[in-house]
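Quick notes on the structure that follows.
The values are calculated or read from the model by the stated rules, or taken from the named source; none is laboratory data. On a predicted model such as this, the values are computed, not experimentally measured, just so you know. Virtual Cβ from ideal backbone geometry, glycine too; neighbours counted across all protein chains shown. These area figures cover heavy atoms from the full protein model, side chains too; ligands, DNA and RNA do not enter into them. Shrake-Rupley method; radii C 1.70, N 1.55, O 1.52, S 1.80 Å.
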Amino acid sequence: MRERRFRSISIRGPATLLTVVLVLIVTLTVLWNVVLARDYRVLRELTAESDDFHLPFILLGSALFIAIIVLSVILGTQLIASIRWRQRQSRFLASVSHELNSPLSAIKLFAQTLRKESLTPKERAGFVGKIVFDVDRLAHMIANILRAAEFSHRGEELSILP
């Protein structure tokens, strides 16, 4: 049977991308306000027909840039949180698969040993006891996993409620 390897998910790439996007947006916001401040007279002449137009235009553009920055930060934080969640899941699955595989390997080894006819009844009883012990250990681990899944499922239901 082929062993499945769990792939590590890196958080460095999305964090770098978020940083670059935020730097670009902040730069664009600053340039927007610098250009508007420098060309304020030109804008005022263009809007000479309506004295109240220039201020809302500047405020709306600045507010849109701020909204883009805030939304980018929210999106980036959710992306990073999602990647961290996947990392935890991957580590958990690797740990659980290892913990389940150990007793299974021991049970298989003991069962193969029991096939030998040269064992005494006392040795057979010892191997059967070890098999029962490992089966109980497996049953306990599986019960814990099911209980954790149940608690996790209850937590998801509770977090949905207002």
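Please work out the FRET efficiency for the pair L75 and D39, using the Cβ-Cβ distance as r and a Förster radius of 45 Å; give the result to the nearest 0.05. Computed FRET efficiency for L75 and D39: 0.90. What accessible surface, in Å², does a 1.4 Å probe find on W85, ignoring ligands, DNA and RNA and rounding to the nearest 10? The value for W85 is about 130 Å². Spin-label model, H140/H98: points 7 Å from Cα along the beta carbon direction are separated by 2.0 nm. The length gained by stretching the chain between K130 and A63 to full extension, at 0.36 nm per residue less their Cα-Cα distance, is 17.2 nm. Using a probe of 1.4 Å on the protein chains alone, the accessible area found for T19 is around 80 Å². The length gained by stretching the chain between L22 and F151 to full extension, at 0.36 nm per residue less their Cα-Cα distance, is 42.7 nm. At the residue level, V96 shows approximately 30 square angstrom of accessible surface with a 1.4 angstrom probe and all protein chains present.
Computed on protein heavy atoms with a 1.4 Å probe, the accessible areas place L138, L109 in the order L109, L138, largest first.
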